[in-house]
Structures are given as structure tokens and as C-alpha cells.
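Engineer: Before we start, here is the structure in question, set down as C-alpha cells.
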Amino acid sequence: MTLTLDDLKHVAETENQRLSSYQYRINICVAAGCLSCGSGELKTTLKEEVKQRGLEDRILVRGVGCMGPCSKGPLVAVQPGNIFYQGCSGADVDALLDSLDTEPVERLRCPADHPFFAKQHKLVLENCGVIDPERIEEYIAAKGYEPLYTALRTMAPEEVIEEVSRAGLRGRGGGGYPTGLKWSTVANASDRTKYVVCNADEGDPGAFMDRSVLESDPHRVLEGMAIGAYAVGANYGYIYVRAEYPLAVKRLKKAIIQAKRIGLLGENIFNSGFSFDVQVRLGAGAFVCGEETALIASIEGHPGKPRPRPPYPAASGLRGCPTLINNVETFANIAPIIRNGGDWFSRIGSAESKGTKVFALAGRVKQTGLIEVDMGTTLREIVYDIGGGIVQEGTFKAVQTGGPSGGCIPEQFLDMGVDYGSLAKVGSIMGSGGMIIMDQQSCMVDVARFFMEFCMSESCGKCVPCRVGTAQIHELLVKIIRGRGEMSDLAMIEELCGLVKDASLCGLGQTAANPVISTLRYFKDEYLAHIQEKRCVADSCAKVIITEAL
Amino acid sequence: MNPSAKRPPRQVTAGEPQAQVLTFKINDIDVSAREGETILSVANRYNITIPTLCHLDGLSPYGGCRICVVELKQSGKLVPACITCPMEGMEILTHSQQVMESRKKILELIFSERNHVCAVCVSNGHCELQQLATDLGLTHVHYAYRYPHLAVDASHHHFVLDPNRCVLCLRCVRVCAEIEGAHTWDVMGRGISSQIVADLNQPWGSSTTCTSCGKCVQVCPTGALYEKGKSVAEMVKNREFLPYLQEMRDRKHY
Ligand SMILES: Cc1cc2nc3c(=O)[nH]c(=O)nc-3n(C[C@H](O)[C@H](O)[C@H](O)COP(=O)(O)O)c2cc1C
Ligand code: SF4
Ligand code: SF4
Ligand code: FES
């Protein structure tokens with residue numbers, strides 16, 4: 001028995017009726033951020049209290065995915081009315097319930113018209129914080145899996161690829177490779193067996209975009225993968241998730257079981273003759289396993305070390321078969337593109353980068369968390385409107401994007417719109433979406449050292465420039481921070497950065513020098529202050545310098 | 001091992017004509033290559049010497065040491081000759097200034113990584129690393145020596161592993177897995193703390209997979225693997241067996 005469109009609509013209708021039968025719906029964020037500050041207990045207490053008061057028919061207490069301002073958790077939203085509360089705990093349960101029929105609880109209130117929310121455009125995250133990620137019915141009620149039906153039953157695979165190409169979607173895993181082009185390369189391979197792989201390794205320090213999507217809206221990713229598999233002619237998929245994301249893994253596995261049970265995965269989906277099955281594979285948390293060839297080696301059971309490309313995975317990937325490998329966020333963009341069309345998508349964003357981008361906003365801004373903005377949104381809007389400005393009225397110094405492969409962007413570029421091209425032009429990269437704001441307290445030499453230490457310890461060790469080069473650069477940076485640097489060290493760092501960039505095998509080594517190169521470009525005075533005056537502009541290395549000098 | 005594993009991977013497209021020949025340039029000389037051949041093997045045919053370290057004919061391609069880098073004239077990019085297949089019309093420089101400088105820096109990095117004191121090494125005078133330094137005119141290392149303290153494993157009856165001389169070329173790992181079929185050696189750790197280990201980090205002498213064939217010792221480019229009883233400069237290695245074995249396998253003479 002296969003699922004029909006009517007069945008799907010019936011599920012949606014039933015679910016919508018269920019939801020609207022409640023007078024109030026209290027949504028509690030149960031993504032990892034809020035869970036870690038006690039939203040799980042809050043949910044249990046609220047549920048019990050509702051039961052005690054005999055309001056179970058009127059009030060629905062449910063867990064939803066990430067709402068965004070993760071540092072203010074646990075977050076609660078009351079519908080209808082869209083009333084946001086932050087920092088709630090078990091002690092607030094009575095107040096929350098009492099307020100439902102009267103006025104909102106002001107002391108917990110987080111204004112929904114705050115620029116943090118108002119300046120965002122939620123496309124990838126449209127269901128995050130809105131639906132219960134553990135119920136497929138809610139995803140279907142939010143019009144989920146309709147695009148899959150549209151693709152499988154009304155479009156030829158080439159038409160799906162055409163739509164994705166027209167959208168102008170580029171890979172969100174870091175490289176920004178045009179997604180439509182990648183899909184058509186895999187589709188054009190004549191092999192019978194092909195694979196689809198979702199890259200959910202997310203190894204950049206501080207990044208949690210993919211984790212939030214998987215925890216908050218897992219079906220969205222599965223649907224994107226299924227559409228991709230149909231387009232390229234694959235029947236089997238893997239999601240490679242790092243084992244440090246147990247909640248994402250749990251919800252993904254649950255979502256796969258649910259989708260299989262009602263026929264949205266498995267044999268003959270929507271009676272189209274197309275079959276697709278997905279398995280979750282766990283990575284042990286090596287950053288380099290996010291590199292596509294290392295990831296494939298890891299799925300195959302080999303050590304996670306990159307191999308030279310070409311051949312690209314699109315030609316010869318998993319078990320030597322053509323393999324489509326895309327990032328979580330890339331797949332999460334597919335369903336809306338099929339639903340609304342490629343032209344619709346291509347009208348969002350900037351001239352050269354289409355759509356939106358999810359960022360993990362962190363560092364010295366007042367409002368940190370998960371945000372999604374149109375491509376081309378300026379850094380100033382992100383830092384000062386969405387982020388609410390620098391904490392303790394400090395002064396902005398730099399924004400770091402692209403993690404260990406990216407760079408630090410100084411103040412003079414605050415009015416620059418963020419897209420693939422503009423970031424590359426100023427010596428950084430889009431990367432997967434880490435965005436760290438730094439103020440006058442951050443020492444840029446230490447920032448460079450931090451990322452170099454990361455690359456050094458995450459290098460797989462296969463090639464000499466990356467294995468030994470990163471260790472040498474790191475040592476020189478430590479020497480400078482300790483106030484023992486000489487001018488010749490700076491020249492040597494520059495020389496080594498060039499070598500590591502030009503002669504390394506994979507993207508890790510080829511980009512490892514970026515944080516150093518970009519801080520040398522924009523903050524050379526800080527390096528010079530350490531070397532010539534044994535002084536740290538930011539005072540953060542002061543203690544080190546003094547104690548070492550004694 | 002599957003013989004195709006010895007050849008570098010290449011892009012396969014449907015219906016492609018077999019054994020296509022393509023032409024390109026090395027150092028402004030027109031050369032021709034069979035499809036799938038590496039830049040290194042073409043260069044060798046034309047008597048152009050490109051230095052190598054991790055590469056060894058008869059073992060699967062690896063591309064780790066990067067000593068063999070050559071420059072793509074059009075883009076200025078560096079690619080390793082031992083694993084890169086030329087494309088029609090490519091122009092390659094094997095001895096440009098950028099190439100020579102990069103090779104020298106890479107070699108310096110290798111010397112700085114571990115403890116390579118040639119004067120007291122069993123392989124002194126017969127060492128590929130030492131020879132590379134001579135060939136590339138490397139007289140001193142200007143990067144800081146890291147000098148890690150790594151324990152020597154002399155637990156095997158016949159052989160010794162001195163990780164202080166190891167350059168992580170993985171020739172031993174490959175010859176053991178691909179030719180001998182034992183897969184005794186592998187790498188432990190990653191990045192700068194990578195280390196060659198027998199079995200799951202057992203003393204070599206207690207390895208249950210090692211057949212004591214000695215192939216790893218013969219292919220090791222430095223004095224990291226050597227025969228017991230050899231003193232300074234006495235360890236001469238014999239690699240003739242590899243092409244011979246490969247030839248016999250290709251002809252299915254076992
Ligand atoms: C060192 C390194 C780490 C990477 N880590 C990730 C990662 O965590 N997630 C990811 O999606 N892509 C990562 N990539 C990029 C992948 O290799 C690949 O380009 C990407 O998954 C392709 O998907 P996309 O086209 O959708 O961006 C990494 C690349 C490198 C070189
Ligand atoms: S660049 Fe670094 S991570 Fe990539 S293959 Fe070389 S050593 Fe491994
Ligand atoms: S022991 Fe010898 S052959 Fe093995 S990796 Fe080290 S240098 Fe290479
Ligand atoms: S010989 Fe080519 S990379 Fe080592």
C-alpha cells in the first residue's frame with residue numbers, strides 16, 4: 001500500500017484539527033541549547049501542572065525545535081498571540097499558566113518585535129521552533145512532503161535539477177559550489193548504483209547550524225535528500241552525523257522510522273516507482289571527516305583521511321559509485337525551492353548569492369544564537385540590529401567568519417553585504433556559518449593562534465605541509481604571544497602560510513593559514529606590538545608576557 | 001591486492017575510447033602520455049627527474065610527502081606529480097623557482113619534524129632523505145627542530161623500528177598490506193602526533209600478523225626500519241623485489 005496525496009492531506013488536516021482544538025499551545029524549546037538549561041524539566045512540570053488543573057483539553061504543552069536566542073533559554077512561546085518568554089524555570093509555571101487568560105508575564109517577556117527576530121528571514125528555519133520535531137504529522141501539517149510528491153509525480157528528474165539550478169542555490173557546507181551543477185554531474189553518470197550523502201559532520205568550533213536544523217526539523221533534511229536522490233537517480237542515502245550530536249541522531253533515526261512507516265521513505269514512494277532508503281552513520285568527531293573524500297572513506301570503514309581529487313565524489317565516491325554529497329542546510333533548502341519554484345528562490349538574496357544563510361552568532365554581542373538572514377545582509381545589521389550591539393558598550397573590533405578556514409574582517413567592512421563573493425574579497429570565506437564577533441578585549445594574535453592550534457590538532461597528518469607546517473606556525477605564534485618573538489619570525493610565518501596553502505592536499509591544509517593571513521593583513525600592528533614592545537594591545541596576553549619575562 | 005589499486009584513480013566517463021593518448025608540455029617540451037599515466041611517469045620516460053619520497057613504483061599512490069610538486073604553468077598552482085594525471089594541453093614546469101623553493105621548504109619541514117642525525121644513523125650514506133637534501137642543495141634547516149622523544153621498538157627478532165627517523169611516507173604500511181597481505185603496520189593518532197604502529201599499537205615482536213618478511217624494512221626510505229646488527233651506515237636497502245613481484249603478479253605467476 002503506498003501513500004497518496006489524499007492520504008497526505010488527510011494527515012495534515014487531522015493534525016491541524018488536533019492543534020486548533022486547543023485554546024492555547026505552549027511551545028517549549030527542546031533543542032540541545034535549551035535542554036542544557038533545563039527545558040526538559042520545565043516541560044514535564046508544565047505538563048503535570050496542566051493536568052493537575054484539569055486543563056489538558058484546553059492547553060497543549062509541547063516541545064519544539066530551536067527558536068534562536070539560545071543563550072536566553074529555556075525559551076517558551078505561547079500561541080496564539082506569539083508571546084515569547086526567556087529564561088523560564090519550574091518556578092514560573094504557575095505564573096505562566098495564570099497569565100494565559102489575562103496579561104502576559106512581563107518579567108519573563110522577550111519582545112517578539114525585537115530586531116533580533118524582525119531582521120531575520122526564516123526559510124531554512126521556518127519550522128524550527130514552530131513544530132514538534134518528533135512528530136511527522138506536524139511536519140506534514142506544515143505542508144511538508146508535498147514538494148516530494150510534486151517532484152516524484154509531476155516532474156522529471158531533469159526538471160527537478162533545472163529548478164534547483166534556476167534557484168541559484170550554492171552549497172552551504174563551505175565551498176559554495178553550485179548545487180544544480182553538482183546534481184546534474186551525478187545525474188549524468190551512467191552507473192546504476194549511486195548514493196546520496198548528507199554531510200552533517202559540522203566540525204567548525206562554535207558552529208551549530210546543522211545541529212539545530214537536525215534537532216528541530218529532521219524531516220526537512222530527509223525530504224531534501226529524497227528529492228535529490230530522485231533527481232540524480234540514487235536509491236540509497238547516508239547521513240553522516242558526528243557522534244557528539246546524540247539528540248540530532250536520535251531525532252533523525254526517529255524521523256526515518258516515522259517516514260518509513262507511512263511510506264515516505266522506502267519502496268515505491270507515492271506510487272512513483274522511486275525507492276529511497278536512508279541510514280545514519282556516526283562520525284567520531286574529527287574535523288577532517290567533514291571533508292568529502294575523508295567522509296566517504298569514513299563511511300566505508302577506513303580511516304578518515306582525504307584523498308586527492310579528481311576524481312570528485314560526483315564521478316567516483318562511496319564504494320567507487322557516483323555520489324551526491326551536500327550539506328544539511330543545502331538539503332534543507334530544497335523543499336521550498338520545489339514548492340515555490342527556482343525563480344522565487346533566486347529573487348531572495350544578493351546578486352551573486354541566492355537565498356538565505358543560517359549563522360551561529362557568537363562572541364561579544366548582546367544577543368547571540370542561531371540566526372537566518374538574506375544573503376547580502378550587511379555585517380552592521382547583523383552585529384548591531386540582530387546582535388543588539390557589543391556587550392558592555394565595548395567597541396567592535398572584528399568579525400570572524402568561516403571558522404578555522406576563514407578570516408577576521410575589520411570594522412571598515414561593516415557595511416559590506418555578506419555573501420560568498422564579498423567575504424572572499426576581504427580574505428575570509430562564508431564557511432558553514434560560524435560568526436564570532438570580537439571587541440577590544442580580543443587579541444588578534446591569540447585568535448590566529450587559537451585557530452592554528454585547531455588546525456594543527458585536526459590535521460589528519462597525511463601530507464607534510466599541513467602536518468608539520470601548521471605545527472611550526474603554531475609554535476611561532478606562541479613564541480610571539482609570550483613576548484619572545486622577533487621580526488624574522490613574522491617573515492617565517494608568512495613564508496610557511498604560503499607553503500601550507502599552496503602545497504597541502506585537502507581543503508583543511510589549503511585554508512588553515514587563512515586566520516593568520518587575514519589577521520596579518522588587517523591587524524599587523526598587534527603582531528608588531530607583541531614583538532617590538534612586548535605588549536598586547538588587548539591586554540589579554542599581558543599576564544603571559546609579564547610572567548614569561550620574569 | 002587488486003592490480004587496479006596500483007594505478008592512480010581517474011575519472012571514468014561512459015563510452016570513452018580506450019588508451020587515449022594526449023599531448024601536453026613539460027618544461028616547454030611537447031610530450032605525450034597514455035590516459036591515466038601520471039606526470040611523474042611521463043617525466044621519467046623523457047628523462048626528466050622529479051624528486052620523490054613517499055612514492056614507490058609497485059605500491060598504491062599516496063601523495064603525502066609533496067616533494068614531487070610541479071607547477072602548472074598557466075595557473076601557477078602546485079600539484080604532486082606522482083598522483084596527478086596530465087590533461088590535454090597542460091603545461092608543466094618541473095624546476096621553476098617556485099617549485100624548487102617549495103620542495104626545499106617541504107624537505108626542511110620533514111627534517112624539522114623528527115630527529116634525523118645522519119652521522120649516527122644506520123642508513124647514513126644510503127638514505128633517500130639524505131640524498132634528497134643533497135639533490136635539492138639543502139645545507140641547513142631554518143625551521144625550529146621539534147625533536148620529539150619517541151621510543152625505539154627493538155622487540156622484533158630481526159628488525160628495529162626507530163620512529164625518530166620516520167617520515168610517515170607510509171611505504172611500510174602499503175607494502176605490508178598490499179604486497180605481503182599482512183597489514184601489520186598502520187598509523188596511530190593524527191596530525192603532528194601521527195605514529196607508525198604494529199597491530200593495535202603492540203610491540204613489533206609480539207605482533208601476531210607480522211610474517212617477518214622484511215619487506216617494510218627494504219622499502220623504508222630512511223633508517224626508521226632496519227635490520228638488527230647493522231651499525232652506522234651499514235644498512236643498505238634492496239628494493240629490486242618490488243617491480244619483480246609486481247611483474248609476476250600482472251602475469252599471474254604466483
Ligand atoms: C576540512 C574540511 C572540513 C569540512 N567540514 C564540513 C562540514 O562539517 N560540513 C559540511 O557540510 N561540509 C564540510 N566541508 C565541505 C565538504 O567537503 C563538501 O564540500 C560539502 O559537504 C559539500 O556540500 P555542499 O555543496 O552542500 O556545500 C569540509 C571541507 C573541508 C576541507
Ligand atoms: S591538508 Fe592536512 S588534513 Fe588535508 S590531507 Fe593534508 S594533512 Fe590531512
Ligand atoms: S617507518 Fe619508514 S617506511 Fe614506514 S612510514 Fe616511516 S619512513 Fe616510511
Ligand atoms: S612523492 Fe609525490 S607526494 Fe610524495
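Engineer: What helices (runs of 4 or more DSSP H), lying completely within segment A:401-494, carry at least 1 residues that are touching a Leu at 6+ places or on another chain (Cβ under 8 Å), closer than 29 Å to B:Lys105 by Cβ and not assigned by TED's automatic domain parsing to the domain that holds A:Val288? Break it down into steps so the answer makes sense when it comes.
Structural biologist: Values: elements: A:420-425, A:444-458, A:464-481.
Output list reads A:444-458, A:464-481.
Engineer: Being within 12 Å of ligand 4 (Cβ to nearest atom) and either among the aliphatic types (A, V, I, L, M) or buried (at least 19 other Cβ atoms within 10 Å of the Cβ) (or both) is the requirement here; does B:Pro61 meet it?
Structural biologist: On the way: within 12 Å of ligand 4 (Cβ to nearest atom): yes; either among the aliphatic types (A, V, I, L, M) or buried (at least 19 other Cβ atoms within 10 Å of the Cβ) (or both): yes.
So B:Pro61 passes the test.
Engineer: If you go through segment A:82-91 one residue at a time, do you hit one that is over 24 Å from the mean Cα position of the chain (by Cα) and free of Cβ contacts under 8 Å to residues at least 24 places away in the same chain?
Structural biologist: yes
Engineer: When residues of segment B:38-50 are filtered for being in a loop (DSSP other than H, G, I, E, B) and crowded, with 19+ Cβ neighbours inside 10 Å, how many remain?
Structural biologist: Within segment B:38-50, the subset in a loop (DSSP other than H, G, I, E, B) is B:38, B:46-50.
Cutting the leftovers down to crowded, with 19+ Cβ neighbours inside 10 Å gives us B:38, B:48, B:50.
Of the residues in segment B:38-50, 3 are in a loop (DSSP other than H, G, I, E, B) and crowded, with 19+ Cβ neighbours inside 10 Å.
Engineer: Considering only residues that are farther than 15 Å from B:Glu37 by Cα and touching a residue at least 60 places away in the same chain (Cβ under 8 Å), which ones fall in segment B:63-88?
Structural biologist: Across segment B:63-88, the qualifying residues are B:Gly64, B:Cys65, B:Ile67.
Engineer: Based on what the data block shows, is A:Gly394 closer than 26 Å to A:Gly144 by Cβ and touching a residue at least 12 places away in the same chain (Cβ under 8 Å)? Spell out the reasoning first.
Structural biologist: Details: closer than 26 Å to A:Gly144 by Cβ: no; touching a residue at least 12 places away in the same chain (Cβ under 8 Å): yes.
Against the criterion (closer than 26 Å to A:Gly144 by Cβ and touching a residue at least 12 places away in the same chain (Cβ under 8 Å)), A:Gly394 does not qualify.
Engineer: Moving to a separate point now. For segment B:94-121, enumerate the residues that are within 10 Å of chain A (Cβ to nearest Cβ) and more than 30 Å from B:Asn47 (Cβ to Cβ).
Structural biologist: The answer is B:Ser112, B:Glu113, B:Arg114.
Engineer: Would you mind finding the one in A:Glu393, A:Glu372, A:Glu381 that is over 23 Å from A:Asn514 (Cβ atoms) and either at pLDDT below 95 or of a type in the set (A, V, I, L, M, F, W, C) (or both)? Can you show your working first?
Structural biologist: Values: A:Glu372 fails: either at pLDDT below 95 or of a type in the set (A, V, I, L, M, F, W, C) (or both); A:Glu381 fails: either at pLDDT below 95 or of a type in the set (A, V, I, L, M, F, W, C) (or both).
Of the residues listed, the single one that is over 23 Å from A:Asn514 (Cβ atoms) and either at pLDDT below 95 or of a type in the set (A, V, I, L, M, F, W, C) (or both) is A:Glu393.
Engineer: Then there's this: Give me a count of the residues in segment B:198-254 that are among the hydrophobic types (A, V, I, L, M, F, W, C), away from ligand 4 (no atom under 16 Å from the Cβ) and over 17 Å from B:His157 (Cα atoms).
Structural biologist: Result for segment B:198-254: 7.
Engineer: Answer yes or no as to whether B:Gly205 is within 14 Å of chain A (Cβ to nearest Cβ) and touching a Ser or Thr at 6+ places or on another chain (Cβ under 6 Å). Can you show your working first?
Structural biologist: On the way: within 14 Å of chain A (Cβ to nearest Cβ): no; touching a Ser or Thr at 6+ places or on another chain (Cβ under 6 Å): yes.
No; evaluated as a whole, the condition is false for this residue.
Engineer: State which residue is nearest to A:Phe454 (Cα to Cα) when the search covers only segment A:294-303 and only residues that are surrounded by fewer than 24 Cβ atoms within 10 Å (Cβ to Cβ) and within 12 Å of another protein chain (Cβ to nearest Cβ). Explain how you work it out, then say what you get.
Structural biologist: To start, the set of residues in segment A:294-303 that are surrounded by fewer than 24 Cβ atoms within 10 Å (Cβ to Cβ) comprises A:297-303.
Pick out the ones that are also within 12 Å of another protein chain (Cβ to nearest Cβ) and you get A:302-303.
Details: A:His302: 23, A:Pro303: 20 Å.
Filtering segment A:294-303 for residues that are surrounded by fewer than 24 Cβ atoms within 10 Å (Cβ to Cβ) and within 12 Å of another protein chain (Cβ to nearest Cβ), the one nearest to A:Phe454 (Cα to Cα) comes out as A:Pro303.
Engineer: Would segment B:176-190 turn up any residue that is among the small types (Gly, Ala, Ser), free of Cβ contacts under 8 Å to residues at least 60 places away in the same chain and away from every other protein chain (no Cβ under 14 Å)?
Structural biologist: Yes: segment B:176-190 contains one or more residues that are among the small types (Gly, Ala, Ser), free of Cβ contacts under 8 Å to residues at least 60 places away in the same chain and away from every other protein chain (no Cβ under 14 Å).
Engineer: Mind listing just one residue for me: the one in segment B:127-144 that is out of contact with any Phe, Trp or Tyr (no Cβ under 9 Å at 6 or more places or on another chain) and part of a helix (DSSP H, G or I) and, of those, nearest to the other protein chains (Cβ to nearest Cβ)? Give the derivation first.
Structural biologist: Pass one, segment B:127-144, residues out of contact with any Phe, Trp or Tyr (no Cβ under 9 Å at 6 or more places or on another chain): B:127-128, B:130-132, B:134-137, B:139-140, B:142, B:144.
Still in the list and also part of a helix (DSSP H, G or I): B:128, B:130-132, B:134-136.
Values: B:Glu128: 14, B:Gln130: 17, B:Gln131: 17, B:Leu132: 12, B:Thr134: 19, B:Asp135: 17, B:Leu136: 14 Å.
Step by step, filter segment B:127-144, then rank; the result is B:Leu132.
Each row is one residue, and each column tells you yes or no for (1) surrounded by 14 or more Cβ atoms within 10 Å (Cβ to Cβ); (2) at pLDDT below 95; (3) part of a helix (DSSP H, G or I).
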position	(1), (2), (3)
A:Leu3	yes, yes, no
A:Phe84	yes, yes, no
A:Ala91	no, yes, yes
A:Leu97	yes, yes, yes
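Engineer: Same structure again: Is it the case that segment A:509-531 has a residue that's more than 16 Å from ligand 2 (Cβ to nearest atom), more than 14 Å from chain B (Cβ to nearest Cβ) and of a type in the set (Asp, Glu)?
Structural biologist: yes
Engineer: Could you give every pair whose Cβ atoms fall below 9 Å, whose first residue belongs to segment B:145-170 and is in a helix (DSSP H, G or I), and whose second residue is among the aliphatic types (A, V, I, L, M) and within 8 Å of ligand 3 (Cβ to nearest atom), counting only separations of at least 6 or pairs across chains?
Structural biologist: Once the first residue is in a helix (DSSP H, G or I) and sits in segment B:145-170, its partners that are among the aliphatic types (A, V, I, L, M) and within 8 Å of ligand 3 (Cβ to nearest atom) give B:Pro163/B:Ile196; B:Pro163/B:Ala224; B:Asn164/B:Ala224; B:Arg165/B:Ala224; B:Arg165/B:Leu225.
For every residue, the table says whether it meets (1) in a loop (DSSP other than H, G, I, E, B); (2) under 29 Å from B:Ala144 (Cα atoms); (3) under 17 Å from the mean Cα position of the chain (by Cα).
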residue: B:Ile92; (1), (2), (3): no, no, no
residue: B:Ser102; (1), (2), (3): no, yes, no
residue: B:Ser112; (1), (2), (3): no, yes, no
residue: B:Gly125; (1), (2), (3): yes, yes, no
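Engineer: Count, please, the residues in segment A:58-72 that happen to be among the charged types (D, E, K, R) and assigned to a loop (DSSP other than H, G, I, E, B). Steps first, answer last, please.
Structural biologist: Initial filter on segment A:58-72 (among the charged types (D, E, K, R)): A:58, A:62, A:72.
If we keep only those that are assigned to a loop (DSSP other than H, G, I, E, B) too, we end up with A:58.
Count: 1.
Engineer: Pick from segment B:149-174 the residues that are more than 14 Å from chain A (Cβ to nearest Cβ) and of a type in the set (D, E, K, R): which of them is farthest from ligand 4 (Cβ to nearest atom)?
Structural biologist: Residues of segment B:149-174 more than 14 Å from chain A (Cβ to nearest Cβ): B:149-162, B:164-165, B:172.
If we keep only those that are of a type in the set (D, E, K, R) as well, we get B:153, B:162, B:165.
Numbers: B:Asp153: 25, B:Asp162: 21, B:Arg165: 17 Å.
Among residues in segment B:149-174 that are more than 14 Å from chain A (Cβ to nearest Cβ) and of a type in the set (D, E, K, R), the one farthest from ligand 4 (Cβ to nearest atom) is B:Asp153.
Engineer: While we're looking at this one, here's another question. B:Gln74 - would you say it is surrounded by fewer than 22 Cβ atoms within 10 Å (Cβ to Cβ) and within 11 Å of chain A (Cβ to nearest Cβ)?
Structural biologist: Numbers: surrounded by fewer than 22 Cβ atoms within 10 Å (Cβ to Cβ): yes; within 11 Å of chain A (Cβ to nearest Cβ): no.
Here the answer is no, as B:Gln74 does not meet what is asked.
Engineer: Can we say A:Ala226 is closer than 12 Å to A:Val278 by Cβ, in the same structural domain as A:Val280 (by TED's automatic domain parsing) and in a helix (DSSP H, G or I)?
Structural biologist: Working: closer than 12 Å to A:Val278 by Cβ: yes; in the same structural domain as A:Val280 (by TED's automatic domain parsing): yes; in a helix (DSSP H, G or I): yes.
Against the criterion (closer than 12 Å to A:Val278 by Cβ, in the same structural domain as A:Val280 (by TED's automatic domain parsing) and in a helix (DSSP H, G or I)), A:Ala226 qualifies.
Engineer: So which of A:Lys462, A:Lys479 ends up being within 16 Å of ligand 1 (Cβ to nearest atom), within 14 Å of chain B (Cβ to nearest Cβ), in contact with a Gly (Cβ under 7 Å, 6 or more places away or on another chain) and over 30 Å from A:Gly387 (Cα atoms)? Full working, then the answer.
Structural biologist: Numbers: A:Lys479 fails: within 16 Å of ligand 1 (Cβ to nearest atom).
Exactly one residue qualifies, and that residue is A:Lys462.
Engineer: Out of A:Leu379, A:Leu361, which single residue is closer than 29 Å to A:Cys506 by Cα and of a type in the set (A, V, I, L, M)? Break it down stepwise before answering.
Structural biologist: Numbers: A:Leu379 fails: closer than 29 Å to A:Cys506 by Cα.
None of the others qualify; the one that does is A:Leu361.
Engineer: Right, here's the next one. Out of the residues in segment B:60-91 that are more than 16 Å from ligand 3 (Cβ to nearest atom) and small (Gly, Ala, Ser), state the one that is nearest to A:Cys506 (Cα to Cα). Lay out the reasoning, then the answer.
Structural biologist: Residues of segment B:60-91 more than 16 Å from ligand 3 (Cβ to nearest atom): B:69-81, B:83-91.
Filter once more, so that each one left must be small (Gly, Ala, Ser): B:75-76, B:81, B:89.
Values: B:Ser75: 18, B:Gly76: 18, B:Ala81: 16, B:Gly89: 25 Å.
Per the stated criteria, the residue is B:Ala81.
The values are calculated or read from the model by the stated rules, or taken from the named source; none is laboratory data. Quantities reported herein were computed from a predicted structural model and do not represent experimental measurements. Backbone-built Cβ (ideal geometry, glycine too); neighbour counts: all protein chains shown.
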